[in-house]
Amino acid sequence: SYNISSPIVFNTTSGVNSVTALKNGNFLIAFQDTSNSNYGAFVIMSPTGVVIKSKTSFCAVPISLVDCCTLLNGNIVIVYKNATDTYMWYTIINEEGNIVKAITNSGVALDNNISALALSNGMFVISVSYSTSLYGRSEFFYANGLYSTSGYFSTTTTISKHSVSELLNGNIFYAFSVGTSNGQFKITNKTLGNIKSETIFNTGNTPYVSSS
């Protein structure tokens, strides 16, 4: 194997982070900037690790979770948990790092897990463990950031960690850990219609999951 780039410091100190590849070949890192009050920030890098856009704050509040994804139109969704009010917030920026949709409160309180997924129809879905019940909840949005629909992908068990991906046929695959009990998955369509009910894939403790 060959190194394309040696390790590069994109920020002196950072906490939780997420990365997404951009349509123009660059990539974006969204992160918790622990050197600046735990505010949310991002950088944009070239494929060889050259800084395209230096550290830029996307919110002036401390965050505790963050995820990001690149939409079909090339814009980037950054979703995060506001550590102050514990709600899910999101913003949309373009490939140059300019704001397309200002930070928006989804009105959904969440616990300890969040994920953003771009869909093949141009929309995106944000999935969380809902703070009230700890059930898995998904919020669907249009590419411009306007709300479409929402519902639960886990309605009989509380979840601790989860991962979500889109299948080739357009359905949504959810994998999630049920506390220390087991690992389960579920398949829905883009309107949360049930395709495959919650199914156990591991009977033992499954603290982390990932799907692709």
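Got a number for residues in region 124-152 being at pLDDT below 95 and either part of a loop (DSSP other than H, G, I, E, B) or out of contact with any Phe, Trp or Tyr (no Cβ under 8 Å at 6 or more places or on another chain) (or both)? So the count comes out to 7. Given the condition small (Gly, Ala, Ser), within 21 Å of Lys81 (Cα to Cα) and open to solvent by 50 Å² or more (accessible area, probe 1.4 Å), answer yes or no: does some residue in region 184-197 qualify? No, because not a single residue in region 184-197 is small (Gly, Ala, Ser), within 21 Å of Lys81 (Cα to Cα) and open to solvent by 50 Å² or more (accessible area, probe 1.4 Å). Here the condition is being over 30 Å from Leu134 (Cα atoms) and in contact (Cβ under 8 Å) with a residue 12 or more places away in the chain; of Phe58, Phe27, Phe42, it holds for Phe27 alone.
Find the residue count for region 168-193, including only residues that are among the hydrophobic types (A, V, I, L, M, F, W, C) and under 17 Å from the mean Cα position of the chain (by Cα).
Quick first cut of region 168-193, residues among the hydrophobic types (A, V, I, L, M, F, W, C) only: 168, 172-173, 175-176, 178, 185, 187, 192.
Right, trim to under 17 Å from the mean Cα position of the chain (by Cα) and you get 172-173, 175-176.
Adding up the residues that qualify gives 4.
Scanning region 94-117 for residues that are surrounded by 17 or more Cβ atoms within 10 Å (Cβ to Cβ), under 22 Å from Ser46 (Cβ atoms) and of a type in the set (Val, Ile, Thr) turns up nothing.
When the residues of region 66-93 are filtered to those that are open to solvent by less than 10 Å² (accessible area, probe 1.4 Å) and of a type in the set (A, V, I, L, M), the one that is farthest from Gly25 (Cα to Cα) is Met88.
Residues of region 15-65 being in a strand (DSSP E or B), of a type in the set (Val, Ile, Thr) and open to solvent by 10 Å² or more (accessible area, probe 1.4 Å), which ones? Once the filter is applied, which keeps residues that are in a strand (DSSP E or B), of a type in the set (Val, Ile, Thr) and open to solvent by 10 Å² or more (accessible area, probe 1.4 Å), region 15-65 yields Val19, Thr20, Ile29, Val51, Ile52, Thr56, Val61. Scanning region 153-183 for residues that are in a loop (DSSP other than H, G, I, E, B) and either open to solvent by 40 Å² or more (accessible area, probe 1.4 Å) or among the hydroxyl-bearing types (Ser, Thr, Tyr) (or both) returns Ser154, Thr155, Thr156, Thr157, Thr158, Ser160, Leu167, Leu168, Asn169, Thr180, Ser181.
The values are calculated or read from the model by the stated rules, or taken from the named source; none is laboratory data. Note that this is a predicted model, so its numbers are computed, not measured. Cβ sites come from the backbone with ideal geometry, for glycine too, and all protein chains shown count toward neighbours. Accessible surface is based on the protein model in full, side chains and every heavy atom, while ligands, DNA and RNA are left aside. Shrake-Rupley method; radii C 1.70, N 1.55, O 1.52, S 1.80 Å.
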